[in-house]
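The values are calculated or read from the model by the stated rules, or taken from the named source; none is laboratory data. If you're wondering where the values come from, they're calculated on a predicted model, not measured in any experiment. Cβ atoms come from the backbone with ideal geometry, glycine included; neighbour counts cover every protein chain shown.
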């Protein structure tokens with residue numbers, strides 16, 4: 001048995017609507033999981049090592065359940081375009097560069113070092129279609145100590161020549177190659193099946209991926225109902241489906257038993273799609289910054305929450321420009337306010353408590369018991385030091401937490417643990 | 001004559017739709033104004049001092065034309081409320097504390113130091129109703145070297161007991177006292193008449209302020225058409241006016257000859273109000289972050305721009321939580337995209353060029369020839385060092401500028417000049 005404690009101002013969600021605050025308390029980690037919060041160390045733990053974080057805040061690690069590693073290199077650039085133009089003009093040409101392993105090494109070492117320093121402890125990450133580069137990305141991620149799912153991307157149609165697999169067979173073959181290399185290789189880095197999105201994948205490829213999914217029991221990640229142009233395109237490509245989600249579901253790649261699935265965006269999902277997501281237990285990756293930057297719209301997250309769907313947050317680098325999941329929390333609140341104001345006042349804006357829940361427990365659930373400091377949850381923790389923000393008045397810990405999240409300043413991040421392992 | 005040059009990658013607006021980029025060039029300052037950009041120092045300037053900013057970017061200083069100094073202390077807190085509740089619950093109780101000069105000293109020293117370090121070179125700032133505290137704020141601002149307009153706030157109705165002037169006469173008297181203390185006292189810090197907003201000011205007070213305005217030739221700043229509840233309230237309070245703007249205009253406090261005026265927000269301005277703003281040359285202070293946080297809505301900035309109104313950006317601390325005018329640029333772009341998507345696709349989203357223009361030349365015009373590096377403009381410059389952002393690919397200066405603005409990271413700000421005076 002190994003145990004230690006962090007001491008500081010402990011803040012975490014206890015469900016959707018409540019943030020618990022324990023000032024100057026000990027958060028105990030035992031064998032990688034949370035084992036209680038105490039004002040004084042209890043008997044049996046009196047002699048465990050303690051890291052005293054002083055007046056810092058300690059929050060659960062954040063789960064970024066949708067982002068693209070190769071796009072980190074151009075974050076915050078070319079932001080005046082809509083989705084399909086942005087993919088063709090900016091994204092695909094950059095992703096094509098990852099055929100070059102030297103380029104990938106340079107780019108992914110930057111991305112993984114920055115992700116390690118961020119408030120994120122868990123992530124679901126898109127690579128590119130390239131097997132070797134994606135394996136390199138996984139090597140780098142494994143070194144960080146973060147726990148991640150990483151996908152070699154599948155795409156065998158509608159891409160540019162420089163970024164497309166020859167056909168379904170080649171794409172499936174490459175996927176099997178990648179899985180045979182990586183399935184058992186890492187402790188913290190796991191493969192996730194990643195058909196880019198319906199317009200990029202032929203029916204034949206989808207069928208083959210479904211077979212692979214069943215054989216390897218892989219989770220799945222993809223995109224859904226992000227942009228109106230994209231949705232019309234999918235309708236043309238799949239005339240027999242009633243809605244976009246069916247384009248995945250017809251192949252068994254849309255959640256359900258043994259197929260945990262994340263669908264990014266779900267901005268414009270019709271009623272039947274929402275029902276099917278709920279039925280299949282699909283995770284919605286809400287990416288407010290990306291949906292804003294690419295003029296996609298605002299997802300009805302309040303509705304998803306109220307109806308009991310699984311929802312987490314994603315930075316969607318580089319549709320989103322910020323790698324900070326703290327920023328994703330405030331973006332989620334902000335766009336929900338605008339949606340309430342401009343589109344549908346029956347859906348109240350998200351509260352701070354709810355958005356904090358989404359970034360911690362909401363997305364964390366995809367990884368197991370992750371995203372809270374309740375007993376038995378994996379010990380993912382981030383230490384946030386806000387002492388360089390000066391203020392004239394005394395502040396409560398809850399006020400400081402909200403300010404920290406709104407200011408989303410990397411400089412605050414002073415420590416990080418994943419399943420009880422200290423990253424820094 | 002005094003002259004010097006900054007050397008680096010020089011970026012500035014040349015009107016609404018064009019950002020000029022001069023790589024590795026010299027920007028010459030002569031007697032506080034811009035005197036040309038050159039690849040090599042021209043004859044006559046060969047021996048002037050040069051500050052070599054290396055590979056940094058050099059941009060015009062940004063003009064924040066709407067923010068509240070006393071609210072900086074609670075930025076990023078209590079953000080789950082709408083305007084009128086937020087004023088009563090959070091804002092008014094905090095502003096009341098500035099009756100205590102010691103509290104004001106503590107709070108304003110923090111605010112002014114942070115503003116000095118920010119990318120802002122010019123600002124139009126609300127104080128509180130307290131004369132002494134507002135003078136202290138002006139003292140501190142003068143020390144920073146920034147050029148600002150500062151308003152002692154007027155409010156004689158509908159406030160809480162702790163934050164309201166006894167009556168119009170007392171409010172006007174305090175204003176005259178403040179003006180007599182400060183009108184000629186500072187080089188860089190000037191008074192601006194600041195009726196808080198119509199619900200806070202009786203007709204009698206407005207009349208007296210108009211008299212003061214005419215006597216002292218003061219500019220004016222206030223709030224306009226921010227929130228639906230506020231607008232209805234103004235309609236009740238001023239039943240004879242056809243729209244909110246008339247509530248100011250009936251007293252001559254809405255722009256026009258000799259009365260330069262800034263109206264913050266203008267989110268829900270009806271056609272007649274827009275026309276009157278144009279006619280009177282009123283400056284719209286667009287505050288996208290605040291309008292989002294307080295669920296106010298999204299102003300039709302594209303329309304204001306196309307119709308030739310004066311428009312600049314404001315952080316509106318602390319309706320807005322970020323003091324960074326870089327962030328205000330991206331917020332303006334982002335909300336314009338959501339407005340296009342959700343409300344009115346006849347108004348195209350703002351481009352990066354346009355939003356950069358708003359933050360520099362748009363708001364800068366309120367201060368004179370400010371916000372560009374064109375010849376004759378005042379030499380307000382900010383040096384931005386983005387070297388700690390690593391990237392695998394070569395980037396153009398234009399790409400780096402967009403990334404810098406999107407990432408809005410204070411750490412980049414390495415130098416600042418106002419009218420040729422070096423702040424750091």
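Look at (1) farther than 29 Å from residue B:406 by Cβ; (2) without any contact (Cβ under 8 Å) to a residue 40 or more places away in the chain and you find that residue A:238 fails only one, number (2).
Is it the case, given these coordinates, that residue A:360 is within 11 Å of chain B (Cβ to nearest Cβ) and not in a loop (DSSP other than H, G, I, E, B)? Taking the combined requirement at face value, the residue does not satisfy it.
Of the residues making up segment A:101-128, those that are more than 10 Å from chain B (Cβ to nearest Cβ) and surrounded by fewer than 17 Cβ atoms within 10 Å (Cβ to Cβ) number 2.
Just checking, which of B:42, B:49, B:70 is modelled with pLDDT of 95 or more and in contact with a helix residue (DSSP H, G or I) (Cβ under 8 Å, 6 or more places away or on another chain)?
On the way: B:42 fails: in contact with a helix residue (DSSP H, G or I) (Cβ under 8 Å, 6 or more places away or on another chain); B:49 fails: in contact with a helix residue (DSSP H, G or I) (Cβ under 8 Å, 6 or more places away or on another chain).
Going through B:42, B:49, B:70 in turn, just one is modelled with pLDDT of 95 or more and in contact with a helix residue (DSSP H, G or I) (Cβ under 8 Å, 6 or more places away or on another chain): B:70.
Exactly one residue out of A:379, A:373, A:367 is over 26 Å from residue A:25 (Cα atoms) and more than 13 Å from chain B (Cβ to nearest Cβ), and it is A:367.
Residues that are more than 13 Å from chain B (Cβ to nearest Cβ) and under 23 Å from residue B:106 (Cα atoms) were ranked within segment A:382-424; the one that is surrounded by the fewest Cβ atoms within 10 Å (Cβ to Cβ) is A:387. Of the helices (runs of 4 or more DSSP H) lying entirely inside segment A:80-167, those carrying at least 1 residues that are within 30 Å of residue B:355 (Cβ to Cβ) are A:83-86, A:92-96, A:101-117.
With B:76, B:32 as the choices, which residue is crowded, with 19+ Cβ neighbours inside 10 Å and more than 17 Å from residue B:360 (Cβ to Cβ)?
Details: B:32 fails: crowded, with 19+ Cβ neighbours inside 10 Å.
Residue meeting the stated conditions: B:76.
Of the candidates A:262, A:317, the single residue that is touching a helix residue (DSSP H, G or I) at 6+ places or on another chain (Cβ under 7 Å), away from chain B (no Cβ under 14 Å) and buried (at least 24 other Cβ atoms within 10 Å of the Cβ) is A:262. Every condition in (1) part of a helix (DSSP H, G or I); (2) more than 10 Å from chain A (Cβ to nearest Cβ); (3) in contact with a helix residue (DSSP H, G or I) (Cβ under 9 Å, 6 or more places away or on another chain) is met by residue B:279 except one, and the failing one is (3). Is there a residue being surrounded by 23 or more Cβ atoms within 10 Å (Cβ to Cβ), in the same structural domain as residue B:112 (by TED's automatic domain parsing) and over 30 Å from residue B:422 (Cα atoms) anywhere in segment B:134-152? The answer is no; no qualifying residue exists.
Let me confirm something: among B:80, B:114, which residue is in contact (Cβ under 8 Å) with a residue 60 or more places away in the chain and within 25 Å of the chain's Cα centre (by Cα)? Explain how you work it out, then say what you get.
Numbers: B:80 fails: in contact (Cβ under 8 Å) with a residue 60 or more places away in the chain.
It is B:114.
Candidates B:353, B:402: the one that is out of contact with any helix residue (DSSP H, G or I) (no Cβ under 8 Å at 6 or more places or on another chain) and outside any strand (DSSP E or B) is B:353. Just to be sure, is residue B:8 in contact with a strand residue (DSSP E or B) (Cβ under 9 Å, 6 or more places away or on another chain), within 30 Å of residue B:125 (Cβ to Cβ) and surrounded by 14 or more Cβ atoms within 10 Å (Cβ to Cβ)? So residue B:8 passes the test. The lone criterion from (1) away from every other protein chain (no Cβ under 14 Å); (2) touching a strand residue (DSSP E or B) at 6+ places or on another chain (Cβ under 6 Å) left unmet by residue A:16 is number (2). Does residue A:217 meet the test of being more than 22 Å from residue A:257 (Cα to Cα) and at pLDDT 95 or above? When the stated conditions are applied, residue A:217 does not pass them. Looking at (1) in contact (Cβ under 8 Å) with a residue 12 or more places away in the chain; (2) farther than 14 Å from residue B:13 by Cβ; (3) assigned to a helix (DSSP H, G or I), which one does residue B:344 not meet, given that it meets all the others? Going through (1) in contact (Cβ under 8 Å) with a residue 12 or more places away in the chain; (2) farther than 14 Å from residue B:13 by Cβ; (3) assigned to a helix (DSSP H, G or I) one by one, residue B:344 breaks only (3).
The residues on offer are B:286, B:310, and the sole one that is closer than 24 Å to residue B:68 by Cβ, out of contact with any helix residue (DSSP H, G or I) (no Cβ under 6 Å at 6 or more places or on another chain) and more than 14 Å from every other protein chain (Cβ to nearest Cβ) is B:310.
The set of residues from segment A:320-353 being more than 8 Å from chain B (Cβ to nearest Cβ) and within 14 Å of the chain's Cα centre (by Cα) comprises A:320, A:323, A:324, A:325, A:326, A:327, A:328, A:329, A:332.
Modelled with pLDDT of 95 or more and more than 24 Å from residue A:184 (Cα to Cα): does that describe residue A:156? I'd like the intermediate steps shown before the answer.
Working: modelled with pLDDT of 95 or more: yes; more than 24 Å from residue A:184 (Cα to Cα): yes.
Taking the combined requirement at face value, the residue satisfies it.
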